[in-house]
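Enquirer: To start, I am sharing the structure in question, which I have written as structure tokens.
The values are calculated or read from the model by the stated rules, or taken from the named source; none is laboratory data. Predicted, not measured: the structure shown is a model, and the values here were computed from it. Every residue, glycine among them, receives a Cβ derived from its backbone with ideal geometry; neighbour counts consider all protein chains shown.
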Amino acid sequence: MNWRKPDGRQQPPAIGAVIFDMDGTLTRPYLDFDLIRAEIGLPNEPRTPVLEALTNMTAVQRARAENILDQYETEAALASELQDGACEVLSTLRRASIPLGLLTCNSRRCVEIVLDRHGLRFDCIYAREDGPIKPSPVPIQVICRQFGASPTASWMVGDYLFDVQAGRQAGATTVLMVGDAPMPAYADQAHHVVRRLHELLTLLAINSSGSS
Ligand SMILES: [Mg+2]
């Protein structure tokens, strides 16, 4: 960051967009994937991600698996709780006029349940029905295009490897939020690692009034 204000203070570059993952990032982790895998009948070895495994099933198997996944997701969304600081961080970014994106592998219906439950609003939402899913960089490119923002000026905030990989491949700055969990082996792939959401404001050099 070399740009400096006329008074000599360092100024971070303009932020194109901030894109958040939902489950585990804005909300407390609410999906028990081991339980979902067991009920669908997916093996743990090799541990193919659930959504990827669905693409390799017959139509009948897939319909059954999607039904199971939908039930778990809906129950979880209805009972979802926000991470500490989620509302404050989002409202601060909004006051700073930063476009806010939501990028999730959850269904759009579950996204709407979670957003309604907590009174959250995003300028662009990309759910799993909308096209390629993380770790593809395509969703970030789609969201940024909608904002007229460059992915390289944008930030991707998530709690899992696929969030980091999607962000990296799109050229975005990546923030891995780990909460109180042990540091994962892939943490060094993220540009930044935080324990709490509010640390994001420091990284973005935005104070709680929304000014930088
Ligand atoms: Mg997540």
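Enquirer: Within region 41-63, is there a residue that is touching an Asp or Glu at 6+ places or on another chain (Cβ under 9 Å) and of a type in the set (Val, Ile, Thr)?
Expert: No - not one qualifying residue is present in region 41-63.
Enquirer: Continuing with this model, one more query. Cβ-Cβ below 8 Å, separation at least six or inter-chain, first residue in region 69-82 and part of a strand (DSSP E or B), second charged (D, E, K, R): which pairs?
Expert: 82/28
Enquirer: Then there's this: Residues 138, 89, 157: which one is of a type in the set (Val, Ile, Thr) and surrounded by fewer than 19 Cβ atoms within 10 Å (Cβ to Cβ)? Before the answer, list the steps.
Expert: On the way: 89 fails: surrounded by fewer than 19 Cβ atoms within 10 Å (Cβ to Cβ); 157 fails: surrounded by fewer than 19 Cβ atoms within 10 Å (Cβ to Cβ).
None of the other options fit; the residue is 138.
Enquirer: If you check 163, 116, 188, 130, which single one turns out to be crowded, with 18+ Cβ neighbours inside 10 Å and not basic (Lys, Arg)? So that I can check it myself, show each step before the final result.
Expert: Details: 116 fails: crowded, with 18+ Cβ neighbours inside 10 Å; 188 fails: crowded, with 18+ Cβ neighbours inside 10 Å; 130 fails: crowded, with 18+ Cβ neighbours inside 10 Å.
Exactly one residue qualifies, and that residue is 163.
Enquirer: Also, I was wondering about something else. Show me the strands (runs of 3 or more DSSP E) found entirely inside region 100-177 where at least 3 residues are under 20 Å from residue 88 (Cα atoms) and within 16 Å of the ligand (Cβ to nearest atom).
Expert: Working: elements: 100-103, 124-126, 155-158, 173-177.
Those strands (runs of 3 or more DSSP E) span 100-103, 155-158, 173-177.
Residue by residue, here is whether (1) over 19 Å from residue 105 (Cα atoms); (2) at pLDDT below 90; (3) exposed (fewer than 12 other Cβ atoms within 10 Å of the Cβ) holds:
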{"site": "25", "(1), (2), (3)": "no, no, no"}
{"site": "50", "(1), (2), (3)": "no, yes, no"}
{"site": "58", "(1), (2), (3)": "yes, no, yes"}
{"site": "65", "(1), (2), (3)": "no, no, no"}
{"site": "76", "(1), (2), (3)": "no, no, no"}
